[in-house]
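The values are calculated or read from the model by the stated rules, or taken from the named source; none is laboratory data. Just so we're clear, the structure is a prediction, and the values are computed from it rather than from any experiment. Don't worry about glycine lacking a Cβ; one is built from the backbone with ideal geometry, like all the others, and counts go over all protein chains shown.
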Amino acid sequence: MILKNLTLMERKIIFAVFFALAGFLLVTCKTEKNTAAVSTVLSPAFEGVDVKFSPFNLDANKGGVIHLDNGGSIVVPPDAFVDASGESVTGTVKIDFREFHNAYDIILAGIPMSYDSAGVKYDFETAGMFDIRGYAGNSEIFIREGSKISVNLASFNQGEDFGFYALDEKSGDWQYITTGRSEINVTKKRVLDSLSALGDKPVKPLKYEKGGTYLDFKVFYNQFPELKELGSVIWKYTGTVDREDPSKNKWIYREKWASMDLIPYNSEAGQYKLKLTSNQKAFETTISAVLIGDDFNAAMEIFQEQMGMYREKFTERVQKEEMANLQADILRSYDISSFGIYNWDRYMKQPSVIAVKADFKFDAEIPDKNDIIIYLISDNEKSLVKYAYSDWDKFAFKPDNTNKLVAVIPGNKIAVFTIRDFENINTDEIKAQKSPVYTFNMKTIERKIEKPEDFLIIMKSV
């Protein structure tokens, strides 16, 4: 930069701009340094598509409980966080949290699902996985030494043989921590148990109209309080079969009946069963109460008022029931001392598997099969095995499982081998081969994966 020919004012302006830019660069560098790095071991299957975090704010000084929609919770003690230099974090902090409960979530996030133990590689079956991070502004925070955060994870997979693992985000290896037990989600049980009974739905009164068949008899209203407020009641035949129709059974009017029973039959339609008996005969018919004039109008006002209250009660019950049913039946809990990715898992059981040297034939042009990853999804979408091109000759599947394959292909698209395709495999023919070989014909799905919902909708349909 040449300054000797500039005026004093011009030099001041240049230096002011220079120092402003320098300050901006320093601030920018500091922000980037304090922003938490994305895990390098995660490899989301689709470009620009991932499982989103849910953000929760709380006071770092006070701590608190974060309640999750599925019945889980995160319990944070007071003064639990420090910054990168070890200084206490105060004020508002943000906890980012996301959960993975099936193979589709795991594929989207690109989380590894294999575990090495004593030189043996195992594949996992998950009972729930979570990823938890903490921030103060744009800066990453850490759990203070000696403090722990309790994560009560909703689990939709029952069983007591699941262990708790932490992902080493540098090596991509899972580290076994402990075994665990599941507990009943008492919050869900409490909500469902507290749902009040709706009672019978109010019966809409029927208006008298000319025509039809009517009967006249007295009713003891102390036995049928729902009829007491109806005023003068006339009874109309509302059945549908000839053997119950009084107009087609005139003999009933000549018979001397010894007893009469009126029994609620279809409360929503306001129908009753009338049973008449004598020493030698019996007759049963279906009837409903009908009203005339002012009695009908008064009954309609009562009905509309009762129906309004019933609808309010019904809506409230449905909402509570829907919220409760979103929650898991069980919870799996552990106190973590650092942020990261954790997993409740067990080894995938592999008895009766068929191992084949697999090839995968696509109905679309694939430039380089080395870039293709095949995922085997099985066991009600809880188990996931990932096959790179170099592992295709080690492919294995359990024929009595519900299996499906998905391959991620260029352009954020997938190709699939469906449950039905697996069912059509002649396993006896494969078993008869000395060195089994099988070609899986993969069908391309034209829909592009642009958001997680796209992938989930497709996979639920194959």
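Name the residues in the stretch 148-169 that are outside any strand (DSSP E or B), of a type outside the set (F, W, Y) and surrounded by fewer than 18 Cβ atoms within 10 Å (Cβ to Cβ), would you?
Those that are outside any strand (DSSP E or B), of a type outside the set (F, W, Y) and surrounded by fewer than 18 Cβ atoms within 10 Å (Cβ to Cβ): K148, Q158, G159, E160, D161, D168, E169.
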Which residues, taken from the stretch 358-374, are hydrophobic (A, V, I, L, M, F, W, C), in contact (Cβ under 8 Å) with a residue 40 or more places away in the chain and part of a loop (DSSP other than H, G, I, E, B)? A364, I366
Out of the residues in the stretch 170-194 that are part of a strand (DSSP E or B) and of a type in the set (V, I, T), state the one that is surrounded by the most Cβ atoms within 10 Å (Cβ to Cβ). I177
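One line per residue, one yes/no per condition, for (1) touching a residue at least 60 places away in the same chain (Cβ under 8 Å); (2) not β-branched (V, I, T):
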position: N279; (1), (2): no, yes
position: I292; (1), (2): yes, no
position: Y310; (1), (2): yes, yes
position: K313; (1), (2): yes, yes
position: Y342; (1), (2): yes, yes
position: D345; (1), (2): yes, yes
position: V356; (1), (2): yes, no
position: D379; (1), (2): yes, yes
position: Y389; (1), (2): no, yes
Name the residue that is nearest to the chain's Cα centre (by Cα), counting only residues in the stretch 195-223 that are exposed (fewer than 13 other Cβ atoms within 10 Å of the Cβ), modelled with pLDDT under 80 and under 22 Å from K275 (Cα atoms). Q223
I'd like the residue in the stretch 424-455 that is hydrophobic (A, V, I, L, M, F, W, C) and within 18 Å of I373 (Cβ to Cβ) and, out of all such residues, is farthest from the chain's Cα centre (by Cα). F440
Provide a single number: the residues in the stretch 252-277 that are in a strand (DSSP E or B), free of Cβ contacts under 8 Å to residues at least 40 places away in the same chain and more than 52 Å from the chain's Cα centre (by Cα). 3
Scanning the stretch 411-423 residue by residue, the ones that are of a type in the set (D, E, K, R) and within 25 Å of the chain's Cα centre (by Cα) total 2
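Looking only at the stretch 419-443, filter to residues that are of a type in the set (S, T, Y) and modelled with pLDDT of 95 or more; which one of those is surrounded by the most Cβ atoms within 10 Å (Cβ to Cβ)? So that I can check it myself, show each step before the final result.
Start the filter on the stretch 419-443 by keeping residues that are of a type in the set (S, T, Y), which leaves 427, 435, 438-439.
Now narrow it down to the ones that are modelled with pLDDT of 95 or more: 438-439.
Working: Y438: 18, T439: 11.
Within the stretch 419-443, the match that is surrounded by the most Cβ atoms within 10 Å (Cβ to Cβ) is Y438.
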Has the stretch 389-410 got any residue that is farther than 19 Å from G110 by Cβ, of a type in the set (A, V, I, L, M, F, W, C) and out of contact with any Lys or Arg (no Cβ under 8 Å at 6 or more places or on another chain)? yes
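Would you check which residues across the stretch 397-410 are more than 14 Å from F360 (Cα to Cα) and either assigned by TED's automatic domain parsing to the domain that holds L108 or under 28 Å from the mean Cα position of the chain (by Cα) (or both) and list them?
Hits for the stretch 397-410 are F397, K398, P399, D400, N401, T402, N403.
Working only within the stretch 143-166, note down all residues that are within 30 Å of the chain's Cα centre (by Cα) and modelled with pLDDT of 90 or more.
Listed by number, the residues that qualify are I143, K148, I149, S150, V151, N152, L153, F164, Y165, A166.
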P112: passes all of (1) modelled with pLDDT under 90; (2) in contact with a helix residue (DSSP H, G or I) (Cβ under 7 Å, 6 or more places away or on another chain) but (2)
Selected residue (criterion: surrounded by the most Cβ atoms within 10 Å (Cβ to Cβ)) from residues of the stretch 243-267 that are over 30 Å from D200 (Cα atoms) and charged (D, E, K, R): E255
Out of all the residues in the stretch 292-309, is one or more assigned to a loop (DSSP other than H, G, I, E, B) and either over 24 Å from N424 (Cα atoms) or modelled with pLDDT of 80 or more (or both)? yes
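Residues checked against (1) among the aromatic types (F, W, Y); (2) part of a loop (DSSP other than H, G, I, E, B); (3) under 30 Å from K52 (Cα atoms); (4) without any contact (Cβ under 8 Å) to a residue 12 or more places away in the chain:
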residue: L376; (1), (2), (3), (4): no, no, yes, no
residue: A396; (1), (2), (3), (4): no, no, no, no
residue: D400; (1), (2), (3), (4): no, yes, no, no
residue: I414; (1), (2), (3), (4): no, no, yes, no
